[in-house]
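Below: one structure, written as structure tokens.
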Amino acid sequence: MLRTWIAATAALALFAGIACGDGDDKDTSATTAAGASPSVAITPEPTLPAAPTRVPPTAVPNTSRAIAVVAGQKTYTPTVDEFRKLATAEIDVAGTKKKGVTLQVLLEQVGGGSPGFVTIEGLRANLGAEATTRYAVGTVAANTILVMDETGHLEMFSASIPQAEWLKAISAISFQ
């Protein structure tokens, strides 16, 4: 036991001596001329990498679930084919006409009555992070649409929700 302690102490002293060096940290290789001002090296600002983006989601088969819509204990999970057959509406979004299924139609399909709020889950516009957005049903149900792209994924457009909060690859909607 004593030998182990002595060996450990000696090893610690050896490592500490190597790490600390001889204590002379002066740089003698570069000397400046008398009266000359030292030059300052300017380094560029470090650049942060761009936020990672996800690879676009793969196509959804026509017989797979397009979205889950929940209102209380009731659930509506249409397939891609069934979602494409739902009634659509056209809204004006920043001077562009978009056609898709309104939140009001989805509320009617799930039989949710008259809830106060709707929560929409999906990915941010750059597909970089999962996100949710929540609004009063009365202010967004008639003028917020879901548009299905050719791969079976849903994208949100709205005349009342700020564009920064629009989601892509929407997976679920909950009416509360």
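Here are some notes:
- Glu108-Glu82 pseudo-label distance in nm [points 7 Å out on the Cα-to-Cβ vector]: 1.7
- Taking label positions 7 Å along the Cα-Cβ direction at both Val93 and Ala159, the computed distance is 1.3 nm, reported to one decimal.
- The length gained on full extension between Leu127 and Gln176, counted as 0.36 nm times the residue separation minus their Cα-Cα distance, comes to 15.0 nm.
- Total formal charge among the other residues, if their Cβ is under 14 angstrom from that of Pro61, Lys/Arg +1 and Asp/Glu -1: -1
- Set of lysines with alpha-carbon distance to Lys168 below 26 Å, sequence-local pairs under 8 removed: Lys74, Lys85, Lys97, Lys98, Lys99
- Expected-Rg normalisation [2.2 N^0.38 Å, Cα atoms] applied to segment 68-175: 0.97
Rule-based calculations on the coordinates, nothing more; no lab input. All values reported here derive from a predicted model rather than from experimental measurement. Positions of Cβ are backbone-derived with ideal geometry, glycine not excepted, and every protein chain shown enters the neighbour counts.
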